[in-house]
Amino acid sequence: MASSSKKIKLLEEKEYSGLSGRRICNLSQRPKVFEPGPTMSQDGSDVDNENVQNRQHRLFEVAFQSWKSGLYTDVTFLIDQEKFPAHRLVMVALSDYFSALFKNSEKESGDITLHNISPEDFAIILKFAYTGQVDVTSDNVQSVLTAADYYRIDTMKKECSKFMASSLDVDNVCDVLMFAIKYSLPSLEEQSLAFLRQNLESIFKTEGFFQILDPLYLAKILEDDNLVLYNNKVLLKSAEREILVLNTVLQFLTARRIDDPSVFQRLIRAVRFPFIPEDALNHCLDNFEKIEMDLHEDIRLREAVEAERVAAEVPESWSRPRKFTSPEIYNTGRRKRYAAGGQIQRSPEPPGHLVEDLNLEIHRIDLWIRLWDGRPVIGGLQIRYRDPNSGHLCPSVYEKGECQQGIEHHYVELQKNEFITKVIIGSGYLVDRLGFETNLGRDYGPFGGPGGSEQREVAPDSPFSYLFDINCDSTSTQGADAVFNLMLRWVAFKE
């Protein structure tokens, strides 16, 4: 039976909407009466599992064809005056709910009336019972999942959850998140939360953010020490993260009436004010003048913390910055040190590194090119870092080789939220050339000469990863310095 395109209401009074798309969910196998494990015959010998599975498949194929033809059905479900013939054995295989239902009605006729479900949704359940296919659309997926939950059809719930997760967008994620919590769908809840964290700045501008999301649940999200937030798929560091949290809370409180003072206060205290620079705080408050007075006490406490005047009423969470989520630094290692031997002095160990603070980011790379045996190579390398929380450049500078002289000078200056995701290295006895690609799709170089073999390194597979720094050594050859023994270090943040 074709599924209806009209919007189906939930069993309660609330109407869900917002999902997009249509998909047929195909299970890898049909619903099973039993799971074939190690099977024994009456005489104790093993029974071929493949034979058991073939018999299962044949059984459901015959049942499906019989159902399509209306043959041998022994029960009829009545829903809003529509009749749905079926086989009891198939329905019992689908869910224990029907086993109990048939026991309670075994003395009655073959007609059983079902309530609290639409004919359209039950037709989808019945098709799943015989074929293992879930025919869901953006309009019916939540009502079908609700019915599957009521009839305890866990495999069907799982397929509906997959469809909802694949259809997440900024307009429906709050709706799906609250739905997942209500119907105990932990996988869908986690996927919805991950989507919300990655798109929070866009989501808090939608109508659903204020109308659907529960204030206490929002507070729980924002209080997390390991809260991960993104802006345009770029992971936010300490101050930027707190600014987004503050804007989210202010937007929520402006649009949503919160009558309970304790809930209001909990949302406000989820923001870790001491980690927001004063100018950024004032900029945020300028856009929300209506509730600025309500924040007067928290701003006063922030000033007390900055002045190192300990106040008993300061939230305990204000004393610690949020953590990054599972950051890992990847060294290219001993086997991927470029220009690490040959005619140049061999380096027995990887080069030392300077930067360990994960808040720092590469801001600028300078390269000086010199001639070696008449061909261009990298003579000097200099790296400057920035602190995205303050916007200031870090005073520490990484520098190797001859960084003032050469036949050419090139530099790469990265914009805010621009990171290197691929490095091109040409190397032999020395580092001949370097090139870079960024997450914004910009290419820099390669700079240097054509010699040496070419290698490419890319950022590790992760929700957010980039080049953390470049380490190398320098050596004097043919009367000038040159870079060799080069190693790349990448950082990856995992959910």
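A few remarks follow.
- Calculated from backbone phi, Karplus (6.51, -1.76, 1.60) coupling profile of segment 172-181 in Hz, x at Gly/Pro: 10, 4, 5, 4, 5, 4, 5, 5, 5, 5
- Carbon/sulfur fraction of accessible area - segment 361-434, other protein chains in place, 1.4 Å, %: 44 percent
- Couplings 3J(HN,Hα) of segment 135-152, computed from phi: 9, 10, 10, 4, 7, 10, 4, 6, 6, 5, 5, 4, 5, 4, 5, 4, 8, 6 Hz, in residue order, whole Hz [Karplus 6.51 cos²θ - 1.76 cosθ + 1.60, θ = phi - 60°; x for Gly and Pro].
- Solvent-accessible area, 1.4 Å probe, carbon plus sulfur percent, for segment 125-200: 47 percent
- Measuring against 26 Å, Cα to Cα, the residue pairs Lys158/Lys205; Lys205/Lys233; Lys182/Lys494; Lys220/Lys494; Lys157/Lys205 contain Lys158/Lys205; Lys182/Lys494; Lys157/Lys205 as the ones spanning a longer distance.
- Karplus-derived 3J(HN,Hα) values for segment 411-417, using 6.51 cos²θ - 1.76 cosθ + 1.60 with θ = phi - 60°, are 9, 10, 10, 8, 6, 4, 6 Hz; glycine and proline are entered as x.
- Taking amide H as placed 1.01 Å from N in the peptide plane, the amide H of His363 sits under 5 Å from that of Arg384, Tyr385, Arg386, each at least 5 places away or on another chain.
- Expressed as a fraction of 2.2 N^0.38 Å, the C-alpha radius of gyration for segment 169-210 is 1.05.
- Linear extension gain, Ala255 paired with Asp111, 0.36 nm per residue minus alpha-carbon span: 46.7 nm
- Accessible area per residue, Å², segment 344-481 with all protein chains present, probe 1.4 Å: 46 Å²
- Computed from the C-beta positions of Lys83 and Gln211, the FRET efficiency with R₀ = 45 Å rounds to 0.70.
- Under a 5 Å amide H cut-off, with hydrogens placed 1.01 Å from N, Tyr330 pairs with Trp490, Val491, Ala492 among residues at least 5 apart or on other chains.
- For segment 106-203, the convex hull spanned by the alpha carbon atoms encloses 103 Å³ per residue.
The values are calculated or read from the model by the stated rules, or taken from the named source; none is laboratory data. Fair warning: this is a prediction, and the values are worked out from it, not measured in the lab. A quick note on method: Cβ atoms are made from the backbone with ideal geometry, for glycine too, and the neighbour counts reach across all protein chains shown. Surface areas here come from the heavy atoms of the whole protein model, side chains and all, with no ligands, DNA or RNA. Shrake-Rupley method; radii C 1.70, N 1.55, O 1.52, S 1.80 Å.
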